[in-house]
1. Looking only at region B:8-26, decide whether some residue is touching an Asp or Glu at 6+ places or on another chain (Cβ under 8 Å), charged (D, E, K, R) and assigned to a loop (DSSP other than H, G, I, E, B).
2. Yes or no: region A:62-69 includes at least one residue that is hydrophobic (A, V, I, L, M, F, W, C) and within 28 Å of residue B:53 (Cβ to Cβ).
3. Select from region A:83-123 the residues that are among the small types (Gly, Ala, Ser) and closer than 21 Å to residue A:41 by Cα and list them in ascending order.
4. Would you mention how many residues in region B:10-36 are open to solvent by 70 Å² or more (accessible area, probe 1.4 Å) and out of contact with any Ser or Thr (no Cβ under 8 Å at 6 or more places or on another chain)?
5. Could you go through region B:79-95 and let me know if any residue there is assigned to a loop (DSSP other than H, G, I, E, B), touching a Leu at 6+ places or on another chain (Cβ under 8 Å) and of a type in the set (Gly, Ala, Ser).
6. Given the residues B:77, B:40, which is the only one that is over 29 Å from residue A:103 (Cβ atoms) and surrounded by fewer than 18 Cβ atoms within 10 Å (Cβ to Cβ)?
7. How about region B:73-88: which of its residues are in contact (Cβ under 8 Å) with a residue 12 or more places away in the chain and of a type in the set (A, V, I, L, M, F, W, C)?
8. Please find, within region B:60-91, the residue that is nearest to the other protein chains (Cβ to nearest Cβ) out of those that are over 15 Å from residue A:115 (Cα atoms) and under 13 Å from the mean Cα position of the chain (by Cα).
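The values are calculated or read from the model by the stated rules, or taken from the named source; none is laboratory data. What you are looking at is a predicted structure, and each value in this text was computed from that prediction instead of being measured. Here Cβ is always computed from backbone atoms with ideal geometry, including for glycine, and neighbour counts include all displayed protein chains. In case anyone asks, the SASA skips ligands and DNA or RNA and just uses the protein heavy atoms, side chains included. Shrake-Rupley method; radii C 1.70, N 1.55, O 1.52, S 1.80 Å.
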Protein chains: 2
Amino acid sequence: MESIEATGDVLKPNCPSRMVVERLGERWTLLVLIALRRGPVRFTALREMIGVVTPKVLTQTLRGLEHDGLVLRTVYPEIPPRVEYQLTGLGISLMGPVDALRQWSETNSRHIVAAREAADRQS
Amino acid sequence: MESIEATGDVLKPNCPSRMVVERLGERWTLLVLIALRRGPVRFTALREMIGVVTPKVLTQTLRGLEHDGLVLRTVYPEIPPRVEYQLTGLGISLMGPVDALRQWSETNSRHIVAAREAADRQS
């Protein structure tokens, strides 16, 4: 890995890094990355892991991540064909921050729930 | 701060932590949190920092973050009234992971751009 250097500014609309943050801010992207963190997963298993997502939207999300070089799609020539998705090296390098977000969410969700309940009581 | 313990599983549809990840996966949430990382910001300045977002959608995003206890809205009784947004303590605790994502995006966006160009050449 290279040393960390800031080469962009996500708050500049034309900075490529902003496109990356916008990709991460798409509806299912974070959950798909999290679902792939332990290794290759087949499409149907991935859909079961994510839950309510439709096949069409999950396919769009995976194509976006593939296009960005974060996810690798492999088709095994079996009958029926087996299709697996896994993180690329670049995708794996993203898992540090993504997994920190996952951990934060799992640890702090009760504070969020409490804040929501308090806000709803006031309104 | 408490010690880190996983109290949830973001891949379980009914787990509150999943709602948190889904909130972070809303279109402008990450960029708003990043824009607020250095301190209180007025609505108009925030809109200029984020860029293309409409006032209506930025207001919705901020209300969601306020409802979650991540952002505090303060109205100063001036003429015209001054409205500022800032991270709460809970919001500040989220900035470790969010800032790691920002740094990763700023450092690695050129790899994403290269992957996109390579994919576009193939198709």
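1. Yes: one or more hits.
2. Yes, that holds for at least one residue.
3. To start, the set of residues in region A:83-123 that are among the small types (Gly, Ala, Ser) comprises A:89, A:91, A:93, A:96, A:100, A:105, A:109, A:114-115, A:118-119, A:123.
If the condition is that a residue be among the small types (Gly, Ala, Ser) and closer than 21 Å to residue A:41 by Cα, then A:89, A:91, A:93, A:96 are the ones that fit.
4. Of region B:10-36, the ones open to solvent by 70 Å² or more (accessible area, probe 1.4 Å) are B:12-14, B:19, B:26-27.
Cutting the leftovers down to out of contact with any Ser or Thr (no Cβ under 8 Å at 6 or more places or on another chain) gives us B:12-14.
Counting residues in region B:10-36 that are open to solvent by 70 Å² or more (accessible area, probe 1.4 Å) and out of contact with any Ser or Thr (no Cβ under 8 Å at 6 or more places or on another chain) gives 3.
5. As a first pass, look at region B:79-95 and keep what is assigned to a loop (DSSP other than H, G, I, E, B): B:79-81, B:88.
This time we only want the ones that are touching a Leu at 6+ places or on another chain (Cβ under 8 Å), so: B:88.
Restricting the remaining residues to those that are of a type in the set (Gly, Ala, Ser) gives none.
Checked region B:79-95: no residue is assigned to a loop (DSSP other than H, G, I, E, B), touching a Leu at 6+ places or on another chain (Cβ under 8 Å) and of a type in the set (Gly, Ala, Ser).
6. Numbers: B:40 fails: over 29 Å from residue A:103 (Cβ atoms).
Just a single option satisfies the conditions, and that option is B:77.
7. Narrowing region B:73-88 to residues in contact (Cβ under 8 Å) with a residue 12 or more places away in the chain: B:73-74, B:82-88.
Within region B:73-88, B:83, B:87 qualify.
8. If we filter region B:60-91 for residues that are over 15 Å from residue A:115 (Cα atoms), which is where we start, we get B:60-61, B:74-86.
This time we only want the ones that are under 13 Å from the mean Cα position of the chain (by Cα), so: B:60-61, B:85-86.
Values: B:60: 14, B:61: 10, B:85: 15, B:86: 15 Å.
The residue in question is B:61.
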